1. Taking 8 Å as the Cα distance limit and 6 or more residues as the minimum spacing, I'd like the relative contact order of the range 100-178 as a percentage.
2. In units of 2.2 N^0.38 Å, what is the alpha-carbon radius of gyration of the range 21-110?
3. Mind checking Rg over Rh on the range 1-73, alpha carbons, Kirkwood formula for Rh?
4. Residues of the range 1-144: accessible area per residue at 1.4 Å, in Å²?
5. Sort the following peptides by mean Cβ neighbour count (other Cβ atoms within 10 Å, averaged over residues), highest first: 104-112, 83-91, 57-65.
6. Of all alpha-carbon pairs in the range 70-145, indicate the percentage at a distance above 22 angstrom.
7. Which Rg and Dmax, in Å, describe the Cα atoms of the chain?
8. Of all accessible surface on the chain at a 1.4 Å probe, what whole percent is carbon and sulfur?
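The values are calculated or read from the model by the stated rules, or taken from the named source; none is laboratory data. Note that the structure is predicted; figures quoted are calculated from it, not measured. Positions of Cβ are backbone-derived with ideal geometry, glycine not excepted, and every protein chain shown enters the neighbour counts. In case anyone asks, the SASA skips ligands and DNA or RNA and just uses the protein heavy atoms, side chains included. Shrake-Rupley method; radii C 1.70, N 1.55, O 1.52, S 1.80 Å.
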Amino acid sequence: RRFASQYSAFLTKEIPEQAAAEEQIRASAEFQELERQYQAMEAEAKPGSDRVDAQLNLVNQRLGVVTEQYTNDRAYISSRVYQMEHTSGERGRKGIQEDIDEFEREVRTLKLVSLDGSGKSQISKFTYLELEQEFNRLQAEKARLLAEKAELVSPLSEGRRTRDAFIQNQLNGLTATQ
């Protein structure tokens, strides 16, 4: 209890001093140059980052609809395969396989957002195999876009680390927010 009150008193005194020291560092020409460089990198990355974010949003919307249908269909097929594996008669297994084959050939109609950025929806028709291909294609596109986004913001992260490390190296002790 005694330690807590002494430490609290120490922090009450130390925080304003550290805040003032941090402000002094932020006002320095060196920090201002690092901040200017960071802001320039941020402005340069923003258009590409916004474009990727918009495309990711469309892919995620489309993927949500496709995933729901694909998951339900895959669950149905898996349950029928399980039934087939646990059916003793050859004729029963053959009948279940025919049901699965027919189910896979059925056309599903989905209302999907267009990826062209127009904001319009389109009606798309898929067999089970086509739906699986669309699901895999959208997953790959999402992964590609996330990698592109990471590449775009990587210099920003490095710039932020450099700027923050400058403050930390100039400051004795913790920052006011730490």
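1. On the way: 40 pairs, mean separation 14.8, N = 79.
19 percent.
2. 2.33
3. Numbers: Rg = 24.6 Å, Rh = 17.5 Å.
So for the range 1-73, dividing Rg by the Kirkwood Rh gives 1.40.
4. Numbers: 9760 Å² over 144 residues.
In whole numbers, the range 1-144 has 68 Å² accessible per residue.
5. Those peptides, ordered most packed to least, come out 57-65, 104-112, 83-91.
6. Counting every Cα pair in the range 70-145, those more than 22 Å apart make up 39 percent.
7. 28.8, 85
8. Of all accessible area on the chain, carbon and sulfur atoms account for 52 percent.
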